Amino acid sequence: MKTTMKNILLKYGLAGLAGFCLLLLNACEEERWGKAPNPNNNIGAVTLINVNQDKSFFNALNNLATEEVEFTLDVEGFEVTQVDSVEIQVTYTETNAAKDLEGNFIDMTYPSVLLKTVKTFPSTVEVTGQEIIDAIADVVMVQKGVTSFTIDSLEVGDGFNLTFPIHTADGRRLTTALNSDLCQEPIQPSFGGCNVQWFISCPSEIATGAYAALTSGQSTDDCCTAPVVDFASEVSITSSSPGVYTVDDIFAGLYIKWYAVYGVDFKVSKDFSDVCNNLSATFADPFGGAVTMSGTYDPATGVITFQSSNEYGDTWTS
């Protein structure tokens, strides 16, 4: 009986000692590492952006100083984080700003600068070209080593990226940018703002449908040494995306006339691009040779004019 009682006392005594040590260990760990943080105290926030598609780029055909982009800006704090303000930071990328070691033009991206601060949500934000210049001029002049940077310095293809650091009521600055999908439908509480990007461009208003084509050209091949003058055909133009067009026969029948003897008896469908009524296309012809096309679109008459050549020395105008 005494032996049994001793065993029972020893058993429970050891268990109590183990429990005490465990409590002591936990207390030591809390003192060493601190209590586990409450995630609700550090939850993030996101910006919600909705771009006005009618004001989503700077139209280079208009006065860039008064051209504007527009979007609505709202915030989501997940019913925990209070947002005091949102910075709008702009990063400017200049197209063809410099040349690399091989003499090729490259773009240059400048450090971001503060454009404005928003404190009311939701807000409709408008950004004009002149506001952009006022914000970026100093940093661009320093980086380029020039004494002037004005609205006239902007060119087609120049781009602007806006990011949105968030200031919270508890003193945090959330800067991690999220992509637009996460911003519109956050999967989990996140930190920082979405981005908005736009460029200096032009609306493309080339009509799609059937066109009557007249083509004149000169082949360098022995098959067809005589010049072609006002060769008539019909082509069809469709548009796959803004500023990008597809011609069902980019050669307007000329390659068939020249090279059917070599098996080119079919139409060749290719794309061309339109930037401010200046047209261009580069591609390989059915023989694998490089073709370069440049041209213009006249909105007053609806006429498209292309000057073209291939690597074999053939030239033509449509």
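Points to keep in mind about this one:
- Summing +1 for each Lys or Arg and -1 for each Asp or Glu among the other residues whose beta-carbon sits under 12 angstrom from that of P165 gives 0.
- Under 14 Å from the Cα of K270 - aspartates and glutamates, other chains or at least 8 residues apart: D248, D249, D285
- For the range 50-144, the solvent-accessible area of protein heavy atoms averages 55 Å² per residue (probe radius 1.4 Å; ligands and nucleic acids excluded).
- Split the accessible area of the range 264-303 by element, probe 1.4 Å, and carbon with sulfur accounts for 53%.
- Note that the range 190-299 presents 48 Å² accessible area per residue, ligands and nucleic acids not counted, probe 1.4 Å.
- Heavy atoms of Y259: accessible area, 1.4 Å probe, square angstrom to 10: 10 Å²
- A P(r) calculated from all alpha carbon pairs of the range 209-257, with 5 Å bins opening at zero, reads 5, 19, 25, 19, 14, 10, 6, 2, 0 percent.
The values are calculated or read from the model by the stated rules, or taken from the named source; none is laboratory data. Small disclaimer: the values here were computed from a predicted structure and weren't measured. A quick note on method: Cβ atoms are made from the backbone with ideal geometry, for glycine too, and the neighbour counts reach across all protein chains shown. These area figures cover heavy atoms from the full protein model, side chains too; ligands, DNA and RNA do not enter into them. Shrake-Rupley method; radii C 1.70, N 1.55, O 1.52, S 1.80 Å.
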